[in-house]
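So the structure is just underneath, and the comments pick up after that.
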Amino acid sequence: MISRLALRSLTAHPVRSAVLSVGFGAGVAVMAILLGVAEIVLQQAQSPDLVGGGDVVIRVGRQIPASLLLSGTLQAEALRSRIVTTAPTQTADLYLTSGGKRIRVAGRGGVPSLERALGDHETSAIGAWQDTEADRAWTHSSPAAALREIDKFHPVPDAPAWADSWAEWLYFNGRGADARFYLTFLVGPRAPDGRRAAGVRLQLQRGDRTENYNASALLTDAEVAGAPDLAIGASTVRLDGQRYRLHLDLVGPDGTRAVGDVSLEGSPGRLVPPIEMLGAKGWRTGYVVPVMSGALAGSLTLTPRGAATPETLSLDGTGYHDHNWGFWKGVSWQWGQAQHEGVSVVYGRVFPPEDAADRERLPGFVGVLGPDGPLGFATNVQIAETNAPDGRPTAITVRALGSALDITLRFDVTSAVTTRMAQGPLANDVNFLQLQGRYTVSGRAAGRTLEFTAPGAAETFRGAP
């Protein structure tokens, strides 16, 4: 019926229909031509020759720390030997005013010495353009400086609604020859006297046995400000170049003393840059992975109370380090991490308090790093947990899809350590589960096929019974 009416409408006025068809066709043709020209103009505008020379232009948003890109990711083994010169630039709208008139112009700023090294004709012709002190900070940055920058502690934000739940911690885990360990250096909110409550917790796993060792202290803001160099009691973290040096001196519930020194090697190409989420009333939380996978070396000596012969465990193997900060009242998360033959995989999702943000609008993430740097990243992520009748997780399935990533992870739980989160800045009256098990990974990342199984760790929460 509709087709018949349309046909009669066109044939009733043939001249008008013909003119309309020609006009419509011409409009479509002109639009196609304009789109094609616009694409060519855009490509030319982004040409390296027009923005200061060089062979490749990398454009990043204002929220991305470009200095981390220059001294971090671009220093990965696969890229370092291929990069001759890097030069940061920034563009902005400027306005010239004269005689009551205002004209908008495009302005571009950069580092003069690096611009000249790229062969930029504009800067090379003006000798007065020299590097400032801020410019020299860019040119002399290093992978070690980038690592320290992303791993430093943050000032406590002014957010009264969440103030008593602020905490920041350095987390390490590793699998050595004789044991697997989970280690946290945590600094919480201020105590009544103005100092910060701090603690060290070591969880040691040997077979089916789990042992815990702890220490606590009160720190001043000045003592916290030096992090990642941090001392809590007799235990310390020191960042020496790209190597983390950990000294532990802790005591278990039965009086056993755990003393040892461990080192973890970082690498510019094997880190995940900072991620931060913001919510209502000043709520915020953040996460960064300075070392996705690194060489682990050291030992730990356990001396039981009254025992004459101590026991020494070798921790030589592979380790991981991340760093968390934020307000944790009413917060839970899902997280997991695995390593296999130079490939590291990490996934996570944070669930904020309901009055801070909509939990459904904060996506999860999956990141995959290879031996020479990032392979893929996705925020289109599904995390499904399979539970036993008592509610404990038996398996976790993670599905991630991104522009360069299509991967599935299955984590089969072999053991779980449950901690009741009833005290401290993370108190939520829930059970915190630290899981150990085995990952089965399949899919593709940056055109590379991933098929492997490997031991790994995961974390999740359950409501208190």
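Miscellaneous remarks
- Pick from the stretch 131-172, criterion assigned to a loop (DSSP other than H, G, I, E, B) and polar (S, T, N, Q), ranking: surrounded by the most Cβ atoms within 10 Å (Cβ to Cβ): Ser141
- Here Leu375 does not qualify as crowded, with 20+ Cβ neighbours inside 10 Å, more than 17 Å from the chain's Cα centre (by Cα) and not assigned by TED's automatic domain parsing to the domain that holds Thr285.
- Some residue of the stretch 327-336 being farther than 15 Å from Met277 by Cβ and in a strand (DSSP E or B): yes
- Set Val272, Val331, Val289, Val346: member being touching a His at 6+ places or on another chain (Cβ under 8 Å) and among the hydrophobic types (A, V, I, L, M, F, W, C): Val289
- Test: residue in the stretch 173-182 that is touching a His at 6+ places or on another chain (Cβ under 9 Å), of a type outside the set (Gly, Ala, Ser) and part of a strand (DSSP E or B): yes
- In the stretch 378-402, residue surrounded by the most Cβ atoms within 10 Å (Cβ to Cβ) [restricted to those that are in contact with a strand residue (DSSP E or B) (Cβ under 8 Å, 6 or more places away or on another chain), in a loop (DSSP other than H, G, I, E, B) and free of Cβ contacts under 8 Å to residues at least 24 places away in the same chain]: Thr379
- Of all residues in the stretch 206-238 being β-branched (Val, Ile, Thr) and assigned to a strand (DSSP E or B), the one that is surrounded by the most Cβ atoms within 10 Å (Cβ to Cβ): Val237
- You will find that of Ala163, Ala177, the residue that is in the same structural domain as Ser293 (by TED's automatic domain parsing), at pLDDT below 90 and out of contact with any strand residue (DSSP E or B) (no Cβ under 6 Å at 6 or more places or on another chain) is Ala163 and no other.
- Taking the criterion of being surrounded by fewer than 15 Cβ atoms within 10 Å (Cβ to Cβ) and assigned to a strand (DSSP E or B), the only residue of the stretch 239-264 that qualifies is Asp240.
- Of all the listed residues (Arg305, Arg361), the sole one being closer than 30 Å to Arg206 by Cβ and modelled with pLDDT under 90 is Arg305.
- Some residue of the stretch 328-342 being on the phi > 0 side of the Ramachandran plot, of a type in the set (Asp, Glu), in contact (Cβ under 8 Å) with a residue 24 or more places away in the chain and surrounded by fewer than 21 Cβ atoms within 10 Å (Cβ to Cβ): yes
- Of all residues in the stretch 286-309, those being over 18 Å from Glu265 (Cα atoms) and either assigned to a loop (DSSP other than H, G, I, E, B) or under 27 Å from the mean Cα position of the chain (by Cα) (or both) number 8.
The values are calculated or read from the model by the stated rules, or taken from the named source; none is laboratory data. Here the structure is a predicted model, which means the values were calculated and not measured. Backbone-built Cβ (ideal geometry, glycine too); neighbour counts: all protein chains shown.
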